[in-house]
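The values are calculated or read from the model by the stated rules, or taken from the named source; none is laboratory data. All of these numbers come straight from a predicted model, not from anything done at the bench. Cβ: placed from backbone, ideal geometry, glycine included. Neighbour counts: every protein chain shown.
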Amino acid sequence: MNKSNGNYKWLALALLWVAFFLQQGTRQVFSATLSSIQGSLGVNPAQIGLVATVFTFAYGLSVPFAGVAADLLNRKWMVVSGVFVFCLGIYASGFVAALGILIVTYGLLNGFGQSFYYPSATSIIGQLHKETRATALSILQMGLYAGIIGCSAAAGFLAESGDDGWRTAFRVFGGIGILWAGALAFLLKDTKPGENGQAAGTASDASPASGKPSLKEAFAVFIANPSAVMLAVGLGMMIYVDVGFKTWMPNHLQETFGMAKGTAALNAVLWHYLGAFVGVTLGGRFSDRLAAKRPSVRMETNIVGLACAVPFIVWMAFAPSLTACCVAMALFGVFRGVYDSNLMASLFDLIPSRYHASGAGIMLCFGFVFGSTSPVVLGLLKERFSSATGLATLAAFYLVGAAVIATARRKSYGDVVR
């Protein structure tokens, strides 16, 4: 790899980091302004939860096709078009007058557009960063945390500026994203498979790099690997928790501790994702250092992350004070970050490189389709019991996810410590 290509892999990571910041941050604009939207449109908790459910379901159904399209077509333009489409949906959401229209703009258009980004982006990064894959993907993951914290805080405070403050938040962040799509069109290169180093992983290196897989072929390869399927199940458990937490935690803080909308929106994500920054940094560096000698370390990092977060989710839900709740969210975030640090790196070690984008899409499909039920379920639990009860049930899903990935680890690597 020449020096210019070595420099470009970090430029590409920076460009995709900003796009990820916007992708994840614009999702949180909805959660941060949820109570304002609910009051403005006159809907109940289950109905407003349906908007997040439709978005997550639409994303989940679209993402496997987006992953295969990235392998078949052009990953750069998949990223560019995805950022443009989902930001257009966010921008349009700032003008809606009814729940049904919000479901179309935020739920369907936004969900469809966001599905284009992640499989293509992680495939490009996984290819460009061979020796630093987990580190690079961990840095990308930090864009998620920064986007959620920054956009949530800004949207929450904009929502307090007036009855239509929530509309301003959608318009501002949607507009910024549309402009960034234009920047990506000019600055991001079309890095073809096989350039700048083939993506690593024992399965990848043994597989042909040529040829373009169909969805049927990619799905067959994915399903034929039981460990890959179990990683998808584990991701589904994690996303169920993530979507439910991000959707309802701001509202929980408002009702439980009497916080203002903007302050609640900030605190609901700040402590959790500051903890996640720590976890994802440590997890990525740790696994990259040990992966050559201990191939199973990436899955083991996933397991530790999910299992160790369980008690802190319960503590967060029933914390008697705001301080205790914030501490619990931070510790929950640390271990969530540990899991995130090897989310895709674990999968990329199992499947051939020519299926990385499509494999990521299939894995995300299961995760988001399953996770899409969380906002409505927690909305119903809130109406019947309390928001604390609903949030506490999330711990069980992390525990199941850890157990499933532990089974995948044993199946792929056995009991021998290497």
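With respect to Gly371, is the statement that it is crowded, with 24+ Cβ neighbours inside 10 Å, small (Gly, Ala, Ser), in contact with a Ser or Thr (Cβ under 9 Å, 6 or more places away or on another chain) and more than 19 Å from Gln114 (Cα to Cα) true?
Here the answer is no, as Gly371 does not meet what is asked.
All but one of (1) surrounded by 20 or more Cβ atoms within 10 Å (Cβ to Cβ); (2) under 21 Å from Ala232 (Cα atoms) hold for Ala307; which doesn't?
Only one criterion in (1) surrounded by 20 or more Cβ atoms within 10 Å (Cβ to Cβ); (2) under 21 Å from Ala232 (Cα atoms) is unmet by Ala307, namely (1).
Mind telling me which of the residues Gly25, Gly49, Gly39 ends up being surrounded by fewer than 17 Cβ atoms within 10 Å (Cβ to Cβ), closer than 24 Å to Pro375 by Cα and among the small types (Gly, Ala, Ser)?
Of Gly25, Gly49, Gly39, the one residue that is surrounded by fewer than 17 Cβ atoms within 10 Å (Cβ to Cβ), closer than 24 Å to Pro375 by Cα and among the small types (Gly, Ala, Ser) is Gly39.
Looking at the stretch 232-276 only, could you name the residues that are under 17 Å from Cys308 (Cα atoms) and β-branched (Val, Ile, Thr)?
Ile239, Val241
So which residues in the stretch 308-322 are under 21 Å from Asn251 (Cα atoms), in a helix (DSSP H, G or I) and among the small types (Gly, Ala, Ser), if there are any at all?
Answer for the stretch 308-322, where residues must be under 21 Å from Asn251 (Cα atoms), in a helix (DSSP H, G or I) and among the small types (Gly, Ala, Ser): just Ala317.
Within the stretch 287-339, count every residue that is over 28 Å from Ala408 (Cβ atoms) and of a type in the set (Ser, Thr, Tyr).
Matching residues across the stretch 287-339 total 2.
Does Leu41 count as touching a helix residue (DSSP H, G or I) at 6+ places or on another chain (Cβ under 8 Å), closer than 23 Å to Leu144 by Cβ and either at pLDDT 80 or above or of a type in the set (A, V, I, L, M, F, W, C) (or both)?
No; evaluated as a whole, the condition is false for this residue.
Here are the criteria: (1) modelled with pLDDT of 80 or more; (2) on the phi > 0 side of the Ramachandran plot. Tell me which single one Met230 does not satisfy.
(2)
Any idea how many residues of the stretch 380-396 are surrounded by fewer than 17 Cβ atoms within 10 Å (Cβ to Cβ) and either among the acidic types (Asp, Glu) or modelled with pLDDT under 90 (or both)?
Going through the stretch 380-396 one residue at a time, the tally reaches 6.
Which one of Arg336, Arg354 is buried (at least 24 other Cβ atoms within 10 Å of the Cβ), within 20 Å of Ala307 (Cα to Cα) and among the basic types (Lys, Arg)?
Result: Arg336 is the single residue among Arg336, Arg354 that is buried (at least 24 other Cβ atoms within 10 Å of the Cβ), within 20 Å of Ala307 (Cα to Cα) and among the basic types (Lys, Arg).
Please state which of the following conditions Ala32 fails to meet, knowing it meets all the rest: (1) within 30 Å of Phe348 (Cα to Cα); (2) crowded, with 19+ Cβ neighbours inside 10 Å.
(1) is the only condition that Ala32 fails.
Out of Val79, Val68, Val85, Val104, which single residue is of a type in the set (A, V, I, L, M, F, W, C), assigned to a helix (DSSP H, G or I) and under 16 Å from the mean Cα position of the chain (by Cα)?
Val79
If a residue has to be small (Gly, Ala, Ser) and either under 16 Å from Ser31 (Cβ atoms) or exposed (fewer than 15 other Cβ atoms within 10 Å of the Cβ) (or both) to count, how many in the stretch 176-189 make the cut?
Total satisfying the criteria: 2.
Report the residue count in the stretch 70-104 for those that are surrounded by 23 or more Cβ atoms within 10 Å (Cβ to Cβ) and without any contact (Cβ under 8 Å) to a residue 60 or more places away in the chain.
So the answer is 2.
Take the residues in the stretch 363-398 that are of a type in the set (S, T, N, Q) and in a loop (DSSP other than H, G, I, E, B); name whichever of them is farthest from the chain's Cα centre (by Cα).
It comes out as Ser386.
For the stretch 126-133, state whether one or more residues are more than 24 Å from Phe186 (Cβ to Cβ), crowded, with 24+ Cβ neighbours inside 10 Å and of a type in the set (Val, Ile, Thr).
No; the residues of the stretch 126-133 include none that is more than 24 Å from Phe186 (Cβ to Cβ), crowded, with 24+ Cβ neighbours inside 10 Å and of a type in the set (Val, Ile, Thr).
Any chance you could count how many residues in the stretch 243-271 are crowded, with 24+ Cβ neighbours inside 10 Å and farther than 18 Å from Pro45 by Cβ?
The total comes to 1.
Each row is one residue, and each column tells you yes or no for (1) in a helix (DSSP H, G or I); (2) closer than 24 Å to Gly150 by Cβ; (3) small (Gly, Ala, Ser).
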residue	(1), (2), (3)
Val269	yes, yes, no
Val278	yes, yes, no
Ser287	yes, no, yes
Leu306	yes, no, no
Ala324	yes, no, yes
Ala330	yes, yes, yes
Tyr339	yes, yes, no
Arg354	yes, no, no
